[in-house]
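J.: Handing you this structure, nothing more for now.
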Amino acid sequence: FIAHSKDNNLKIIYVNGSSEPGEYFVYDSKKDEARRLFLSFPELANTAFSKSRKFQVSAKDGTQLEAFLTLPTGTDHSVLLVMPHGGPIGIQESDRFNREIQFYASRGFSVLRVNYRGSSGFGKEFTEQGVGEFGKLIEEDITSAVNQVTKEYNFKHMCSIGSSYGGYSATMLAIQHPEKYDCVVGAYGIYDLQLLFNESNFRATEEHRKRKAEVVGEFNEGLTEVSPFYLYKQLKAPLLLIAGKKDNIAVFEHTNRFKYVLEGNNHPVESIFYKNVGHGHNTWNGHRHEAAITSDFLLRTLNIDFKTAINDTGKESVAEDFAYIADGYGSGRLTEKSEQKAFEYYKKASDYGHPRATYNLAASYYSGTHVNQDFATAVKYFQKSAELG
């Protein structure tokens, strides 16, 4: 209920669900009738979304956990994305509409989310059990859900993916179970738990350390035993690291030094650093760019041929993804400008039939920008872009 009349007879109700983007109703309590007012997103009225299945999981100690599994509605790559939520204390997963989950489901991925110990909504004791359990009980709870789901469904691949604490957890899951995870996406993550207590003079103050201890546990030497930065040799899976250079929560140094040590030891790692972004995006453009580049990493790393498995509408969506990534690199507004990467992604978008990307390729071949000047190839792409409108 979001509003009501003065006599409390008429109420405005907002409703959404895992496969429902949202709609508004007016409810007459005297007549006990509800009438739809309008949809939140009328342009999505005919779009099929993926429902989330809620189920119970028994943890190692018998504690009952809640989890959600979202399967693709169309193309299915047989890939499970294990997605720990952020926090980790006081955050809760639900079966409300989640555009990020729907994005990955529409691209052929299954997504698993777990309300592990530390999550809110299950009582104070349940929440407090997650304090100081980084890399321990929390990841055990997630693994219990993974084990249950993989007994029921056969997936060809499994990757861990998350943001904030989820980025840390995704990495730790792959460290603890290197045989299970084929790739990792860590966004805005923390990778050195000791660094949380001393990354600046301000964060070394007693008050700040006390607040951190309420989540991480007290500062101690044992934190290195659950910090990815010190456990990188146990990693087998390739990583995509995403960070905001103005992050004040999981400061950029966490991701930067983790990348440094991985590259120094020839571990497969890719990264994208957003210039004017803090602890995640606050614009739709940023969210869309990050989702697109993450999907591209998953498809490339798992060697999935998406093109042959989707219809024309799907190809159009993927083409838009690639063009969006290219625009980000070309403009330099989101990340460091790279006209070479922009060219590469315009080429991918053109392969999926994107008109503007095809025209941009033609212009590059015509001018000899980032590629050897080739008038014949330029004409071919100009013709194709004209045919595409």
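J.: Looking only at residues in region 98-111 that are on the phi < 0 side of the Ramachandran plot and assigned to a loop (DSSP other than H, G, I, E, B), which one is most open to solvent (accessible area, probe 1.4 Å)? Break it down stepwise before answering.
T.: Taking region 98-111 and keeping what is on the phi < 0 side of the Ramachandran plot, we get 98-107, 109-111.
Pick out the ones that are also assigned to a loop (DSSP other than H, G, I, E, B) and you get 98, 107, 109.
Working: N98: 46, R107: 28, F109: 0 Å².
Once the filter is applied, the top-ranked residue is N98.
J.: Any residue that is surrounded by fewer than 16 Cβ atoms within 10 Å (Cβ to Cβ) and among the charged types (D, E, K, R) - is there at least one of those in region 352-361?
T.: Pass one, region 352-361, residues surrounded by fewer than 16 Cβ atoms within 10 Å (Cβ to Cβ): none.
Taking every residue of region 352-361 in turn, none turns out to be surrounded by fewer than 16 Cβ atoms within 10 Å (Cβ to Cβ) and among the charged types (D, E, K, R).
J.: Would you tally the residues in region 147-181 being assigned to a helix (DSSP H, G or I), farther than 21 Å from Q56 by Cα and not small (G, A, S)?
T.: Residues meeting the conditions: 6.
J.: Could I ask something else about it? Only one of (1) in contact with a strand residue (DSSP E or B) (Cβ under 9 Å, 6 or more places away or on another chain); (2) over 18 Å from L240 (Cβ atoms) fails for N311. Which number is that?
T.: Of (1) in contact with a strand residue (DSSP E or B) (Cβ under 9 Å, 6 or more places away or on another chain); (2) over 18 Å from L240 (Cβ atoms), only one is false for N311: (1).
J.: Is there any pair linking a residue in region 65-83 that is farther than 11 Å from D95 by Cα to one that is open to solvent by 20 Å² or more (accessible area, probe 1.4 Å) and outside any loop (DSSP other than H, G, I, E, B), with Cβ under 6 Å and at least six apart or on different chains, and which?
T.: Listed pairs, sorted by first residue: T75/A309; V79/H157.
J.: Applying the selection to region 116-130, what residues are out of contact with any Pro (no Cβ under 6 Å at 6 or more places or on another chain) and either crowded, with 24+ Cβ neighbours inside 10 Å or among the small types (G, A, S) (or both)? I'd like the intermediate steps shown before the answer.
T.: To start, the set of residues in region 116-130 that are out of contact with any Pro (no Cβ under 6 Å at 6 or more places or on another chain) comprises 116-117, 119-129.
Residues satisfying the conditions are Y116, R117, S119, S120, G121, G123.
J.: Looking at region 84-93, is at least one residue crowded, with 17+ Cβ neighbours inside 10 Å, assigned to a strand (DSSP E or B) and at negative phi? If you could, list the steps in order and put the result at the bottom.
T.: The first filter runs over region 84-93 and keeps only residues crowded, with 17+ Cβ neighbours inside 10 Å, leaving 84-89, 91, 93.
Okay, now just the ones that are also assigned to a strand (DSSP E or B), so none.
No; the residues of region 84-93 include none that is crowded, with 17+ Cβ neighbours inside 10 Å, assigned to a strand (DSSP E or B) and at negative phi.
J.: Here's another thing I want to ask about it. So which of Y24, Y14 is closer than 22 Å to D95 by Cα, hydroxyl-bearing (S, T, Y) and either loosely packed, with under 14 Cβ neighbours inside 10 Å or over 39 Å from the mean Cα position of the chain (by Cα) (or both)? Write out each step before concluding.
T.: On the way: Y24 fails: either loosely packed, with under 14 Cβ neighbours inside 10 Å or over 39 Å from the mean Cα position of the chain (by Cα) (or both).
Sole residue among the options that is closer than 22 Å to D95 by Cα, hydroxyl-bearing (S, T, Y) and either loosely packed, with under 14 Cβ neighbours inside 10 Å or over 39 Å from the mean Cα position of the chain (by Cα) (or both): Y14.
J.: Among the residues of region 296-310, is any over 20 Å from the mean Cα position of the chain (by Cα), over 26 Å from D182 (Cβ atoms), of a type in the set (D, E) and loosely packed, with under 15 Cβ neighbours inside 10 Å? So that I can check it myself, show each step before the final result.
T.: Taking region 296-310 first, the residues over 20 Å from the mean Cα position of the chain (by Cα) are 305, 307-310.
Among the residues that remain, those that are also over 26 Å from D182 (Cβ atoms) are: none.
No, that holds for no residue.
J.: If we keep just the residues of region 140-154 that are open to solvent by less than 50 Å² (accessible area, probe 1.4 Å) and out of contact with any Lys or Arg (no Cβ under 6 Å at 6 or more places or on another chain), which is nearest to A243 (Cα to Cα)? Spell out the reasoning first.
T.: So in region 140-154, the residues open to solvent by less than 50 Å² (accessible area, probe 1.4 Å) come out as 141-146, 149.
Now restrict to residues that are out of contact with any Lys or Arg (no Cβ under 6 Å at 6 or more places or on another chain): 142-146, 149.
Numbers: I142: 24, T143: 26, S144: 29, A145: 28, V146: 27, V149: 30 Å.
For region 140-154, the residue satisfying everything is I142.
Residues are listed down the side, and each one gets a yes or a no for (1) open to solvent by less than 50 Å² (accessible area, probe 1.4 Å); (2) of a type outside the set (D, E, K, R):
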{"site": "R113", "(1), (2)": "yes, no"}
{"site": "K136", "(1), (2)": "no, no"}
{"site": "S164", "(1), (2)": "yes, yes"}
{"site": "G167", "(1), (2)": "yes, yes"}
{"site": "Q176", "(1), (2)": "no, yes"}
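J.: Of the residues I293, I272, only one is assigned to a strand (DSSP E or B) and at pLDDT 90 or above; which?
T.: Working: I293 fails: assigned to a strand (DSSP E or B).
Sole residue among the options that is assigned to a strand (DSSP E or B) and at pLDDT 90 or above: I272.
The values are calculated or read from the model by the stated rules, or taken from the named source; none is laboratory data. Keep in mind that this is a model prediction, so the values were computed, not measured. Positions of Cβ are generated from backbone atoms using ideal geometry, with glycine treated the same way; all protein chains shown enter the neighbour counts. Side chains are part of the model used for accessible areas, which takes the heavy atoms of the whole protein and leaves out ligands, DNA and RNA. Shrake-Rupley method; radii C 1.70, N 1.55, O 1.52, S 1.80 Å.
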